[in-house]
Amino acid sequence: MDRYELRTIVLTGTLLSIFFFAVLYNSYSRKIDMPTCIPFDKTFEKSEVKKIDDGLYEIYLVAGMWTFDPEEIEIPSGSTVDFYLTSKDVVHGFHINEKGVNMMAIPGTINKITTKFEEAGTYRFVCNEFCGIGHQNMMGRIIVK
Ligand code: CUA
């Protein structure tokens, strides 16, 4: 085997291992769920904040030009939240910097991610996919009390 071939194989294997451990680290140590695409026949059209149990919420977010519905969400600290995200027009983004949450809002599709808000504070979420002239104003916040 050519030595450059061997180096390429070793480098590729090392990179794949790093990516694999990064996924495991984020899932188990940082408790960041990987986004999931949910196959539904029809997506939801109305936003909703559902309390399932103490400290357990389901939030149905609808992104649209150029707001999120709902724009402001209040939850108690220690809550685990399942975010369900869709879009009513074009592709938008959904990014909560402090929580490592980054999803796309795609028309006709529901994406889901679970994250836990342990500390009180205000967590901003923004659209991070360019979606038109009002893109830079598309944001909201989660108030954790
Ligand atoms: Cu919505 Cu950028």
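Remarks
- Relative frequency of Cα-Cα separations exceeding 24 Å in segment 1-144, percent: 39
- Most to least accessible of 21, 44 (protein chains only, probe 1.4 Å): 21, 44
- Ordering 81, 23 by accessible surface, largest first, gives 23, 81; the 1.4 Å probe counts only protein heavy atoms, with every chain in place.
- Per residue, the convex hull spanned by the Cα atoms of segment 1-84 measures out at 179 cubic angstrom.
- A Förster radius of 30 Å, combined with the Cβ-Cβ distance separating residue 19 from residue 97, puts the computed FRET efficiency at roughly 0.90.
- The shape of segment 43-82 can be summarised by an equivalent ellipsoid whose semi-axes, obtained from the alpha carbon gyration tensor, come to 21, 11, 6 Å from longest to shortest.
- Once the Cα atoms are used to define both axes, helix 3-24 deviates from the longest principal axis of the chain by about 30 degrees.
- Modelled label positions at residue 50 and residue 8, each set 7 Å beyond Cα in the direction of Cβ, lie 5.0 nm from each other.
The values are calculated or read from the model by the stated rules, or taken from the named source; none is laboratory data. Predicted, not measured: the structure shown is a model, and the values here were computed from it. All Cβ positions, even for glycine, are placed from backbone atoms using ideal geometry, and neighbour counts span all protein chains on display. When the accessible area is computed, the model is the full protein with side chains, heavy atoms only, and any ligands, DNA or RNA have been set aside. Shrake-Rupley method; radii C 1.70, N 1.55, O 1.52, S 1.80 Å.
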